[in-house]
1. Would you pull out the residues with amide H under 5 Å of TYR55's amide H, same chain only if 5 or more places away, H placed 1.01 Å from N?
2. Which ³J(HN,Hα) values, rounded to whole Hz and listed in residue order, are derived for segment 79-90 from phi using the Karplus coefficients 6.51, -1.76 and 1.60 in 6.51 cos²θ - 1.76 cosθ + 1.60 with θ = phi - 60°, glycine and proline given as x?
3. Starting with the fewest neighbours, write out TYR48, TYR55 ranked by other beta-carbon atoms found within 10 Å of each beta-carbon.
Amino acid sequence: MLHRRAIQFASMADVIQPATSGRAKCRGCGRPIAAGELRFGESLPNPYGEGDAVYWLHLPCAACMRPEKLLPTLASSDAPIADPDWLREAAELGIQHRRLPRLSHAERSKSGRARCRSCREAIPGGVWRLALQMFEEGRFSPIGYLHVECAEAYLGTTSILDRIRRLTPDIDDAAAAEISELLEHQRPGPAVEEDAADGAAEGEAVAAPSAGPDVAKTRPLPEDTTRRVRES
Ligand SMILES: [Zn+2]
Ligand SMILES: [Zn+2]
């Protein structure tokens, strides 16, 4: 017989509130959230037990990575948010382009082994690339990389330099100029979409259940293996 606790947990609402300590890390980018900084708390069913678990993100990370969840919380919050317009516009763009929330950050390619998730060609070592991740069951898992020149074909837009800078704080102006130049030279998309089933469901929610066809095909590239906590 299943042991059931007498208390039924009510579903908690998502919140925007200051971090009580500097110990929590952002679920989206993995960096610490400073004590006192406003953060977004997303409530999701606890995968390991009853009730909900709260997942904390920096506000810019939440706008970029969990737009459909941040937007209503942002609209109803009376917290003293520094740049609500930027957050709202970033979230709206992510809802408009449903793969855009997969963008994790920009980085220089460490090896020449990874293949671009859009065009499937190798990404040479030393060039700027876009790292992608997928949200499922309360976790973000790396799913590969894109040429910056394949942003339009895969993400649906090249208006991403400002979010790249927010998501990649160590990028300086010179690096941003290099990335901007690459964004202006987009490659045509692949003739056959790598995840056609996923592409067909144009209006589907970004937070679709993890068993979708797109996720089933998701395989980390060799470089990601050590960063992957567990296989889904
Ligand atoms: Zn973050
Ligand atoms: Zn490519």
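Coordinate-derived values only; no laboratory data. Because the structure is a prediction, the values reported are computed rather than measured. All Cβ positions, even for glycine, are placed from backbone atoms using ideal geometry, and neighbour counts span all protein chains on display.
1. GLU42, SER43, LEU44
2. 5, x, 7, 5, 9, x, 5, 4, 4, 5, 5, 5
3. Final ranking by Cβ density, sparse to dense: TYR48, TYR55.
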